[in-house]
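The values are calculated or read from the model by the stated rules, or taken from the named source; none is laboratory data. Just so it is clear, the structure is predicted and the values come from calculations on it, not from any experiment. Here the Cβ positions follow ideal geometry from the backbone for every residue, glycine too, while neighbour counts run over all protein chains shown.
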Amino acid sequence: MNNIFIKSNRSASQLAVLGGKPVISSKMQRKEEDKRNKLTNDVIVGLRRGIPITQKMVDSVVATTKSGIWSRIQSSTGTVATFEKEWAEMLGVKYCVGTGAGTQALSAAVEAMGIGPGDEVITSPYTDIGTISAVLFSRALVVLADLDPESFQLDPDDVERRINENTRAIIPVHIGGQPANMERIMAIAKKHNLMVIEDACQAHFTEYQGKQLGTIGDLGCFSFQAGKNIGCGEGGAIIGNNEELMDKCYTVQNRGINRQGKAERIGPKYRMNEFEAALLLPQLENARDVFNYRNDNAWYMNSLLRQLPGVLPQKLYPGTGACSWWVFLTQYKKEHFNNVPRNVFLQALRAEGVSGSGYIADGFHRTDVITNHILDLDIYKNMYSPARLKQYREELPLPNCDKVTDEINISFGSVQMASSKDHLNKIFDAIVKVYENRDKLASL
Ligand SMILES: Cc1ncc(COP(=O)(O)O)c(C=O)c1O
């Protein structure tokens, strides 16, 4: 698309951060929030994150309470079993196993693949800690690869460089809810005979090359944490088409006891409970409508942003279809804003009534979770040779990820895409206003 800059009618006005009038007043923000909270007809209470609370959800939890069936093991046709069936059907896979969180889904997936001490799993440093701890819980080495700085997704070339004889799996994280470069990652996995677990915790219903995310790898994992587009406080699911592997997932999350009641392996208790599924089931009825609304808005917002240099849409790979846009991410290019750092731009934008921030503050290669904690634990020193741990530390720097976290990435949060188009136009107006006044930013 051409970078044809549309001149804003706000160019003459003074930046709000310097005493001018904001593009979006607090009153306008409150009105928009009210609209967002009534996104579906049957909503009775709107949530900050955009999950509408409906009477059906309340009735469903009350019905579960009254039924006395509170655990999935009390009924093979209860809410958890029904949810698993419906979620699998909606995504077009054969099997689904519910869990108590996305982290638990990822952990059960790693464990079900038989990955353990001495093994290595490659994933993204730019993710929720759940991705990392799922690997560490099986006492495997979590190897972090660098990012494509335009998409914020795993760089397949760097993934391939980090494969060695102990590598067992790759966990691509679909960050923001948009697809990682699955075509390349699947090809690399095939070439090196590796398993793929998709971290689709943010990517409910996202499409890639005609498939739903979570259905492309060997296993796909979802989160239904309170803040997600579909949520129940804490919840998760694993999906897949391989019956044997999915049975292992069931067994792992059921304390090592298989569907026939036989102790088969070591496992934690990660079971989803009936109340969680009772809250999820009614959401599935309008989840597609909310998804379509958000997706339509996000592509619209991207088309606006493409008219302006300096705040580019998150790069999407060929084959990307409709996305969840759990977080709407953009690339800040300071060279188009008089070289002022991202935070100065965000300060000016916030004053105009648009909330934006860096998304993940630091990649996990720069946090204590791995560098100073895990690698110094006796158990890791026992499992991995001094030479491997030395090499691991030496290869920790991930310059593209650092650029993304420190300079480039801006998140406009998870609720903005549930706004009206009129509000999105105003957000764009505010960005344009800051752009047109970029020569004044240096004084902030
Ligand atoms: C990319 C990603 N992976 C894993 C998780 C972990 O999911 P949960 O919080 O449900 O354990 C999350 C949740 O925020 C996530 O966003």
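Over 13 Å from the mean Cα position of the chain (by Cα) and either in a strand (DSSP E or B) or near the ligand (Cβ under 10 Å from one of its atoms) (or both), is that true of Ile239?
Criteria met by Ile239.
Does at least one position in segment 59-71 carry a residue that is in contact (Cβ under 8 Å) with a residue 24 or more places away in the chain and touching a Lys or Arg at 6+ places or on another chain (Cβ under 9 Å)?
Within segment 59-71, one or more residues are in contact (Cβ under 8 Å) with a residue 24 or more places away in the chain and touching a Lys or Arg at 6+ places or on another chain (Cβ under 9 Å).
Considering only residues of segment 252-276 that are more than 22 Å from Glu198 (Cβ to Cβ) and aliphatic (A, V, I, L, M), which is surrounded by the most Cβ atoms within 10 Å (Cβ to Cβ)?
Residue satisfying both the conditions and the ranking: Ile257.
For Lys228, all conditions in the list (1) of a type in the set (D, E, K, R); (2) modelled with pLDDT of 95 or more; (3) under 15 Å from the mean Cα position of the chain (by Cα) hold save one; what is the number of the exception?
If we test Lys228 against (1) of a type in the set (D, E, K, R); (2) modelled with pLDDT of 95 or more; (3) under 15 Å from the mean Cα position of the chain (by Cα), just (2) comes out false.
Tell me which helices (runs of 4 or more DSSP H) are completely within segment 1-109 and hold 1 or more residues being at pLDDT 95 or above and either within 23 Å of the chain's Cα centre (by Cα) or not hydroxyl-bearing (Ser, Thr, Tyr) (or both), or say none if there are none.
Result: 55-67, 79-91.
Condition check: closer than 26 Å to Thr330 by Cβ, free of Cβ contacts under 8 Å to residues at least 60 places away in the same chain and among the small types (Gly, Ala, Ser). Does Ala189 satisfy that?
no
Specify which of the listed residues (Ala81, Ala134, Ala101) is within 16 Å of the ligand (Cβ to nearest atom) and closer than 21 Å to Ala287 by Cα.
Going through Ala81, Ala134, Ala101 in turn, just one is within 16 Å of the ligand (Cβ to nearest atom) and closer than 21 Å to Ala287 by Cα: Ala101.
Taking segment 182-207 only, how many residues are within 16 Å of the ligand (Cβ to nearest atom) and not in a helix (DSSP H, G or I)?
Summing the residues that are within 16 Å of the ligand (Cβ to nearest atom) and not in a helix (DSSP H, G or I) in segment 182-207 gives 11.
Name the residue that is farthest from Ala237 (Cα to Cα), counting only residues in segment 271-300 that are within 19 Å of the chain's Cα centre (by Cα) and among the charged types (D, E, K, R).
Here the answer is Asp296.
Of all residues in segment 130-163, count the ones that are part of a helix (DSSP H, G or I) and more than 20 Å from Arg184 (Cα to Cα).
Of the residues in that region, 8 qualify.
For Cys249, all conditions in the list (1) surrounded by fewer than 24 Cβ atoms within 10 Å (Cβ to Cβ); (2) within 16 Å of the ligand (Cβ to nearest atom); (3) farther than 22 Å from Arg288 by Cβ; (4) not aromatic (Phe, Trp, Tyr) hold save one; what is the number of the exception?
(1)
Need pairs with beta-carbon distance below 9 Å; first residue under 21 Å from Cys221 (Cβ atoms) and within segment 252-270, second aromatic (Phe, Trp, Tyr) and surrounded by 11 or more Cβ atoms within 10 Å (Cβ to Cβ); sequence gap 6+ or separate chains.
Note: pairs meeting the criteria are Val252/Tyr270; Gln253/Tyr270; Asn254/Tyr270; Arg255/Tyr270; Asn258/Tyr250; Arg259/Tyr250; Pro268/Phe137.
If I go through segment 213-227 residue by residue, how many of them are in a loop (DSSP other than H, G, I, E, B), over 15 Å from Leu281 (Cα atoms) and within 11 Å of the ligand (Cβ to nearest atom)?
Counting residues in segment 213-227 that are in a loop (DSSP other than H, G, I, E, B), over 15 Å from Leu281 (Cα atoms) and within 11 Å of the ligand (Cβ to nearest atom) gives 1.
Just to be sure before I move on: is Val340 in contact with a helix residue (DSSP H, G or I) (Cβ under 7 Å, 6 or more places away or on another chain), part of a helix (DSSP H, G or I) and over 19 Å from His204 (Cα atoms) in the structure I sent?
No; evaluated as a whole, the condition is false for this residue.
Filter segment 170-179 down to residues that are within 11 Å of the ligand (Cβ to nearest atom) and without any contact (Cβ under 8 Å) to a residue 60 or more places away in the chain, then give me how many there are.
Looking only at that region, the number is 3.
Conditions tested, residue by residue: (1) within 22 Å of the chain's Cα centre (by Cα); (2) at positive phi; (3) at pLDDT 95 or above.
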| position | (1), (2), (3) |
| --- | --- |
| His365 | yes, no, yes |
| Ile379 | no, no, no |
| Met383 | no, no, no |
| Ala387 | no, no, yes |
| Cys401 | yes, no, yes |
| Gly413 | yes, yes, no |
| Ser420 | no, no, no |
| Lys426 | no, no, yes |
| Asp429 | no, no, yes |
